[in-house]
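The values are calculated or read from the model by the stated rules, or taken from the named source; none is laboratory data. Only a predicted model underlies this, so the values are computations on that prediction, with no experimental measurement involved. No Cβ is skipped: glycine too gets one built from the backbone with ideal geometry, and neighbour counts run over all protein chains shown. Accessible surface areas use protein heavy atoms only, side chains included; no ligands, DNA or RNA. Shrake-Rupley method; radii C 1.70, N 1.55, O 1.52, S 1.80 Å.
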Amino acid sequence: MSMQGALAEDQMRELWNQYKDEQSVDAQSRLIQLYLPLVDYVVGRIAIHMPRTVEVDELRSYGMFGLLDALQKFDVSRGLKFKTYAMWRIRGAIMDGLRQQDWLPRSIREKAKRIEEAYRCLQQEKLRSVCDEEVAEYLGMSVEELHHTLLDVAGATLTSIDEMIEDDENHQSSRHSFIVDEQMTTPEENVDQMAEHELLVKAIDLLPSKERTVISLFYYEELTLTEIATILHLSPSRISQLHSKAILRLRGTLSRLHAD
C-alpha cells in the first residue's frame, strides 16, 4: 500500500505545502487520489465483520468522509506519518456512520452470544473442534439457518475503540480513553501477556483448517475480505461465515482454557 509511489519525498512535501499553505484545490485532489487506496483497505478490513445488510459502498462513503477529515486536520509540521493518522480517522468515520444507523440490534448480539456459548459447551464436552451440524443441532436450527445467522452476527465480533462505556464511577468515556501505553508494561504484565499469547496460539491451532487459514490471512497477512476470497476460491460471504465461526469458536475455546 505505497501511497507515494512515483512521487519523491520532496514532491510530496511540496504537494502538502500547496494544500495546507495555499489551499490549492488541485493539490487536494491529487492527495485524495494518492491516499484513496487507504479507504478501500480499511473498508476491506471492516467489511468482514459486517452483517449482510451493510453495503460496502456505504462503508466506502463513510470512509471518504474520514479521509477528507484527515487531510484537513493533519499537521504536516509534526513529522508524523499521514498513512497511520488517516487510517485511524477513516476507521473512526466508518464506525461513527454505523453507530448512527444502529446497525447491530440487541437480538443480533444475543445470537452471537448463543453461538459462542454453543462452541464453548460442545468443545468442552467433546474436547475437539465441533462441526456445523453439531452446533446447529445444539441450537435447535438447521445448518442453513446457522450459516445465515453467522452472516448476521458478523458485526458482533467487531469492537469500536470510540464506543462510549462507563468507568468505575459511572462516567461516560470513549473506549480508547482506557487504552494504556503498551510499551509501559511491568514484568508481571509481560508474563501475563506471554501466557495469553500461548493460550491464543493453542486455541488457533485447534481451529479447523479453513478457519485457521482465514484467521492467518486476515490478522497476520492483513489481507482484505476480497483478497482472501480470491486466494481460497470462495465467495466473500463464505469467508465472512468462516471468520465469524473462527472468532466465536476461539472465544469459546479461550473461555474453556482460562477455566482450566
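In the condition set (1) open to solvent by less than 50 Å² (accessible area, probe 1.4 Å); (2) modelled with pLDDT under 75, residue 168 is compliant with all but (1). Taken over the stretch 34-64, the criterion of being open to solvent by less than 90 Å² (accessible area, probe 1.4 Å) and among the hydroxyl-bearing types (Ser, Thr, Tyr) is satisfied by 35, 41, 61, 62.
Can you name every residue in the stretch 131-152 that is aliphatic (A, V, I, L, M), in contact with a helix residue (DSSP H, G or I) (Cβ under 7 Å, 6 or more places away or on another chain) and modelled with pLDDT of 80 or more?
Keep residues of the stretch 131-152 that are aliphatic (A, V, I, L, M), which gives 135-136, 139, 141, 143, 146, 150-151.
Keeping just the survivors that are in contact with a helix residue (DSSP H, G or I) (Cβ under 7 Å, 6 or more places away or on another chain) gives 135-136, 139, 143, 146, 150-151.
Across the stretch 131-152, the qualifying residues are 135, 136, 139, 143, 146, 150.
For the stretch 97-130, give me each residue that is out of contact with any Gly (no Cβ under 8 Å at 6 or more places or on another chain), at pLDDT 80 or above and under 19 Å from residue 152 (Cα atoms). Those that are out of contact with any Gly (no Cβ under 8 Å at 6 or more places or on another chain), at pLDDT 80 or above and under 19 Å from residue 152 (Cα atoms): 97, 110, 111, 112, 113, 114, 115. The residues listed here are 81, 73; of these, the one that is open to solvent by 90 Å² or more (accessible area, probe 1.4 Å) and at pLDDT 85 or above is 73. Hey, any hits in the stretch 231-249 for a residue that's open to solvent by 70 Å² or more (accessible area, probe 1.4 Å) and among the polar types (S, T, N, Q)? No, the stretch 231-249 has no match at all. Among the residues in the stretch 24-33, are any among the hydroxyl-bearing types (Ser, Thr, Tyr), modelled with pLDDT of 85 or more, part of a helix (DSSP H, G or I) and open to solvent by 40 Å² or more (accessible area, probe 1.4 Å)? Yes, there is a match, as at least one residue in the stretch 24-33 is among the hydroxyl-bearing types (Ser, Thr, Tyr), modelled with pLDDT of 85 or more, part of a helix (DSSP H, G or I) and open to solvent by 40 Å² or more (accessible area, probe 1.4 Å). Say we look at the stretch 121-145 and pick out the residues that are hydroxyl-bearing (Ser, Thr, Tyr) and open to solvent by 40 Å² or more (accessible area, probe 1.4 Å); which of these is nearest to residue 255 (Cα to Cα)? Result: 138. Looking across the stretch 229-243, just one residue is hydrophobic (A, V, I, L, M, F, W, C) and part of a loop (DSSP other than H, G, I, E, B), and that is 234.
In the stretch 207-228, what residues are of a type in the set (A, V, I, L, M) and not in a helix (DSSP H, G or I)? Let's see the steps before the verdict.
Within the stretch 207-228, the subset of a type in the set (A, V, I, L, M) is 207, 214-215, 217, 223, 225, 228.
Within the stretch 207-228, 207, 223 qualify.
I'd like the full set of residues that are hydroxyl-bearing (Ser, Thr, Tyr) and within 18 Å of residue 113 (Cα to Cα), limited to the stretch 231-258.
Of the residues in the stretch 231-258, the ones hydroxyl-bearing (Ser, Thr, Tyr) are 235, 237, 240, 244, 253, 255.
Of everything in the stretch 231-258, those that are hydroxyl-bearing (Ser, Thr, Tyr) and within 18 Å of residue 113 (Cα to Cα) turn out to be 240, 244, 253, 255.
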